[in-house]
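No value in this document is a laboratory result; all are computed from the given coordinates. Small disclaimer: the values here were computed from a predicted structure and weren't measured. Neighbour counts are summed over all protein chains in view; Cβ atoms, including those assigned to glycine, are modelled from backbone coordinates with ideal geometry.
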Amino acid sequence: MSDVYYFVSDLHIGGDEQLEHVDFLEELLAFLRDLEATDEDAELILNGDAFGLWEFTRVEGPAKFDALLDRYPRLFEQLRATGEAVPITLIPGNHDYELAAYDEYVDRLAEYNVRLEQEVSIARDVGDHVVHVEHGMQADPNNRIPDFGNPYANPPGYFVNRQITSRAGRLSGRGKYNWLKDIQAVTPMTRIPEWMMSNYFYREMSAWLRFVAVPFLLLFNVALWYVAVFALDRVGVWSVPMEVVQGALGLFGPVGRVVDVVLTANLVLIALLVAISVPLYLFARDVRRTLRRFGLLQSGDDDAEPAAKYLDRARTVFDESPAVAVYVYGHTHRPSVTEVDERLVLNTGTWLKRLRRVETIIGVVPPVYYASYQLNYFRVSAADAGGVRVEYDVIDKSDPNEETRLQRLLTRAPKPDSKPPAETVVDPPAEGDEESVASEPGE
């Protein structure tokens, strides 16, 4: 066993066509070179989804490894070099589940000094405690492997991925901005239709059509008030507001007349929407119920981190193995450190592009998805005074700044993502020990 463990997950390297591009390749190579030069007794653990094997649809089985070698020779040579100095361990996730299904992968990866453990979970000793590591797909009903190790035991997520994610990689290059390749960064997946509509509106739509549509959409909220004022005037309840509105628009001459035309057009549109809203609502409700029956749509707030089931899973591990001080998982792409029962639960995040949904300032134009990077890793070691120290760090990478001028004009840029504490120390008591636990978060 080593003294120090580094954890990285959800790199998702590989896939059809546009998915083969790795935005963070240079940063990953630099990270591996730094580990190669370390004088620590360390081990690097790649906690699942290192590769996007599900995203390959034109080759099957271990032949996908040859495709990886052909596309990323520098990466595998650096893995070989780093692995000579620091042990590298890889466990399968759901997107590279085939690593667990074919023994040939064990030997092929060993040629590059990567030890593949074909297990759902592994454990490592840190001082007097244990770190439990698993990718996390087994706690996700849509991606749970029903018969781990069986190459044909694929979960529903496998089929969704091959039909949506892989196809997006093949089609992305045809777009004006090559944006479909970022589909893996959309979380939760229920946001994908909205994200696609947003990109169509801001990137793919004819510029002339967008130029015509924007004034109507921006004035839609104002039009709702206009409808109320118009209705009060029509039924003879109160005509003063309508007179004020008409008078105010008249002050602006031709511009006021244009605004009046737009508001009137929106009034007609709102009337049509009201007329069809009831059947549309009934249809949408029935579709949602159907999706929930198939487990493709969750109830509640889809934006909230789906952490509860993983925290429950961690509690089960802690109860079954009191020596476990840290439970490590990935899969959800959201790095975090959570204290549970005087122990720690770590989510190892992702190196994929991160997309932040931001509502527009006014109107009913689609929301904007701001892109950023958070190339994070965890370092776990024994604390000087006992217990386990967990350190969190992020490798600098500039945001891609891919937002269009219109997107920036209609929104306020989001604040940077919150990060886990730089350092946390826990020292859970042994079974039957009633002493308290020390937790020391960093900045």
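Couple of notes before you dig in:
- For Val324, residues with placed amide H under 5 Å, excluding near neighbours: Val130
- Global geometry of region 148-234, whether rounded, prolate or oblate, following the gyration tensor of its Cα atoms and the 1.5 cut on a/c: oblate
- The relative contact order of the chain, computed from alpha carbon pairs under 8 Å that lie at least 6 residues apart in sequence, is 17 percent.
- Formal net charge of residues neighbouring Asn161 (Cβ-Cβ distance under 12 Å; K, R +1; D, E -1): -2
- A cut-off of 5 Å between modelled amide H atoms, ignoring neighbours fewer than 5 places along the same chain, links Ile13 with Phe51, Gly52.
- Residues Leu409 and Ala37, FRET efficiency given R0 of 30 Å [Cβ-Cβ distance, rounded to 0.05]: 0.05
- Were the residues from Ala284 through Val222 laid out at 0.36 nm apart, the gain over their Cα-Cα distance would be 19.7 nm.
- Full extension of the chain between Ala275 and Leu171 yields a length gain of 33.7 nm, computed as 0.36 nm times the residue separation minus the alpha carbon distance.
- A protection proxy built from the mean count of other Cβ atoms within 10 Å ranks the segments 45-53, 352-360, most packed first, as 45-53, 352-360.
- Karplus-based coupling profile of region 177-183, in residue order and whole Hz: 10, 6, 9, 4, 5, 8, 4, with θ = phi - 60° in 6.51 cos²θ - 1.76 cosθ + 1.60 and x standing for Gly or Pro.
- Peptides 140-150, 206-216 ordered by average Cβ neighbours within 10 Å, highest first: 140-150, 206-216
- Stretching the chain fully between Ala110 and Glu402 yields a gain of 101.2 nm (0.36 nm per residue, less the alpha carbon separation).
- Cα pair distances of the chain binned at 10 Å [whole percent]: 4, 18, 25, 22, 14, 9, 6, 3, 0
- Note, ³J(HN,Hα) from phi for region 108-120, Karplus 6.51, -1.76, 1.60, rounded to Hz, x at Gly and Pro: 5, 5, 4, 4, 10, 6, 10, 8, 8, 9, 7, 10, 5
- Counting charges near Pro73 (Lys, Arg +1; Asp, Glu -1) among other residues having Cβ under 12 Å from its Cβ returns a value of 0.
- Within-12-Å neighbourhood charge of Tyr102 [Cβ basis; K, R +1; D, E -1]: -4
- Radius ratio Rg over Rh of region 342-390, counting only Cα atoms, Kirkwood formula for Rh: 1.28
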